[in-house]
Amino acid sequence: GWWWLPEDPDRRIPGTLACSEEGNYLRLIGGFDDRIWVSDGPNSSHLAPENKSWQIIHGESSAAKITLIDSIATNSNGPFIGSYTDQTVEASRALVGIHLDDLESPCFTGINLALENLLTWSSQSAYSASLALKESKLTGDGTINIRPVGETIATLEPGIEISLEHSHTLPNFTHTRRVTTAMSKEEAYFKIRSMEPKSLKDITLYTKALQDLITLASNRASGIIYQELRAPQSNKPISLYSKQVAKLDSEAKAQRPNEQLFTLKDISFPDFLPKWLELEKRLGASCNMLFGLRYITNGYVESRLLTAVTAAEALHRELDPAPEMPARRLRYARRKVLKAVPEDMRAWLESKLAHNEPSLQARLNRLASRLHEPLKSKLLPDAGRWASYASKARNSLAHRGIANPSPEQLYAITEVTAAVVMFVLLVESGVDAETINKSLRYNRDIHALTQLAQKHLA
């Protein structure tokens with residue numbers, strides 16, 4: 001297609017755009033001038049060490065309008081500075097189906113978001129099947145029925161709705177010389193609707209929280225399969241492509257419903273969803289750290305342990321911000337202690353007594369107390385020992401750069417701590433104890449974690 005800057009629409013450059021979960025890359029024959037000149041005086045200037053970025057690049061390919069957002073040249077080749085024979089541009093996002101002139105412009109009235117593991121989480125299907133039996137033996141007769149699934153709607157605020165919807169293809173047949181194959185496909189997706197047009201930032205506000213919700217429920221990184229925006233000026237869906245944190249594996253075998261920590265069958269969607277969105281907004285940092293561990297599974301165990309324990313500490317601080325003791329009592333105790341030491345030590349000691357917060361170990365113990373039984377005793381056979389091990393390992397790494405326990409124990413601390421954060425989030429979002437505890441029976445990962453905890457943290 002052809003590509004140009006909005007401020008210079010007559011200078012069009014040929015190139016090819018490739019969009020995938022790895023990123024959006026535009027390869028141009030030629031290139032945009034990405035130099036930044038800095039003035040040294042009336043008749044002198046020099047090139048800045050950094051390169052120019054472009055908030056918006058417009059393109060057109062096969063009659064489709066394309067907008068690239070927040071782009072930068074990653075490679076430019078040419079015989080002279082500013083004169084390029086070819087250039088590679090990476091865009092953080094790409095919109096296929098619209099020319100957007102202003103990112104703040106209210107253009108969009110909705111978005112469809114398809115996620116891995118969502119169909120299982122929905123606990124509903126358009127399909128049902130029956131087999132005929134005669135004298136406890138299959139007769140060979142059977143039926144597959146298709147019945148559309150109705151939408152489930154949650155209202156977030158006046159004019160904003162999120163629904164869970166299903167779509168399916170009608171049965172069709174593929175004939176080969178050997179076999180005939182009957183086929184139909186079904187998918188589930190979230191649909192976000194707004195009565196008033198929203199900017200791109202505002203209409204995509206909930207997509208991360210919805211992705212995190214399905215990741216939490218399935219205890220699996222749930223990648224974005226597609227995002228399709230709706231705009232009044234376009235009669236076709238507008239595809240949104242962006243680099244994904246979670247690697248897609250949408251063709252992998254699906255979980256069974258009872259392997260997920262909870263499903264739509266266990267909650268009231270209209271009540272649960274607004275509460276979850278508010279909770280993740282309030283607990284942003286700890287949620288980001290937890291889900292970062294789920295989306296990015298590779299890494300050194302030391303850095304993962306720091307992330308997991310810090311997520312637990314941040315979560316408890318947000319849920320229980322009360323000081324360790326009343327301010328008046330602390331001031332009284334501080335005065336008594338400072339009077340008891342020599343004057344030349346008081347400034348140093350006063351700085352040590354400035355904080356009125358629980359210790360990390362105390363926070364972890366109190367966080368564990370929020371878990372339901374029997375999950376708590378299975379996951380944390382000795383909660384005090386886990387809190388002690390986790391706080392000592394974190395402090396040793398953070399303050400001295402030393403990993404005291406063995407790698408196996410570091411791994412156990414990391415995974416169990418992340419699980420504690422995960423289950424506390426479930427409790428705080430309103431998932432009932434019976435649903436949470438069923439993971440001990442049906443979820444192999446949770447069962448393995450209980451064995452790991454028994455071996456290394458009991």
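The values are calculated or read from the model by the stated rules, or taken from the named source; none is laboratory data. From a predicted model like this one, the values you see are computed outputs, not experimental measurements. Here the Cβ positions follow ideal geometry from the backbone for every residue, glycine too, while neighbour counts run over all protein chains shown.
Taking each residue of region 39-64 that is farther than 19 Å from ASP102 by Cα and free of Cβ contacts under 8 Å to residues at least 40 places away in the same chain and looking for partners that are surrounded by fewer than 10 Cβ atoms within 10 Å (Cβ to Cβ) and polar (S, T, N, Q) with beta-carbon atoms closer than 7 Å, six or more apart or interchain, yields SER45/SER39. As a summary of the residue check, ARG304 satisfies the conditions (1) assigned to a helix (DSSP H, G or I); (2) free of Cβ contacts under 8 Å to residues at least 12 places away in the same chain except for the one numbered (2). Can you tell me which of SER239, SER163, SER222 is farther than 30 Å from ASN437 by Cα and either surrounded by fewer than 19 Cβ atoms within 10 Å (Cβ to Cβ) or touching a strand residue (DSSP E or B) at 6+ places or on another chain (Cβ under 9 Å) (or both)? Of SER239, SER163, SER222, the one residue that is farther than 30 Å from ASN437 by Cα and either surrounded by fewer than 19 Cβ atoms within 10 Å (Cβ to Cβ) or touching a strand residue (DSSP E or B) at 6+ places or on another chain (Cβ under 9 Å) (or both) is SER239. From the list GLU50, GLU21, the lone residue that is over 26 Å from the mean Cα position of the chain (by Cα) and of a type outside the set (Val, Ile, Thr) is GLU50. Please go through region 187-215 and give me each residue that is farther than 21 Å from ARG230 by Cβ and either of a type in the set (A, V, I, L, M) or surrounded by fewer than 16 Cβ atoms within 10 Å (Cβ to Cβ) (or both), ordered by number. Hits for region 187-215 are LEU213, ILE214.
Restricting attention to region 312-344, the residues that are without any contact (Cβ under 8 Å) to a residue 24 or more places away in the chain, assigned to a helix (DSSP H, G or I) and loosely packed, with under 10 Cβ neighbours inside 10 Å total 5.
Among the conditions (1) within 19 Å of PHE269 (Cβ to Cβ); (2) touching a strand residue (DSSP E or B) at 6+ places or on another chain (Cβ under 8 Å); (3) of a type in the set (Asp, Glu), ASP212 misses just one, which is (2).
In the set (1) touching a residue at least 60 places away in the same chain (Cβ under 8 Å); (2) in a loop (DSSP other than H, G, I, E, B); (3) closer than 30 Å to SER406 by Cα, the condition left unmet by SER250 is number (3). Do you know which of the residues in region 5-58 that are modelled with pLDDT of 90 or more, in contact with a strand residue (DSSP E or B) (Cβ under 6 Å, 6 or more places away or on another chain) and part of a loop (DSSP other than H, G, I, E, B) is nearest to ILE224 (Cα to Cα)? Applying the filter and picking the extreme gives PRO6. Among the candidates SER167, SER130, the residue that is over 24 Å from PRO270 (Cβ atoms) and part of a strand (DSSP E or B) is uniquely SER130. Given the condition outside any strand (DSSP E or B) and either basic (Lys, Arg) or touching a strand residue (DSSP E or B) at 6+ places or on another chain (Cβ under 6 Å) (or both), answer yes or no: does some residue in region 79-87 qualify? There is at least one residue in region 79-87 that is outside any strand (DSSP E or B) and either basic (Lys, Arg) or touching a strand residue (DSSP E or B) at 6+ places or on another chain (Cβ under 6 Å) (or both).
So is ALA347 hydrophobic (A, V, I, L, M, F, W, C) and surrounded by fewer than 13 Cβ atoms within 10 Å (Cβ to Cβ) or not? Yes: the conditions hold for ALA347. Considered as a group, the residues in region 141-164 that are of a type outside the set (Gly, Ala, Ser) and not in a strand (DSSP E or B) include one that is modelled with the lowest pLDDT, and that residue is PRO158.
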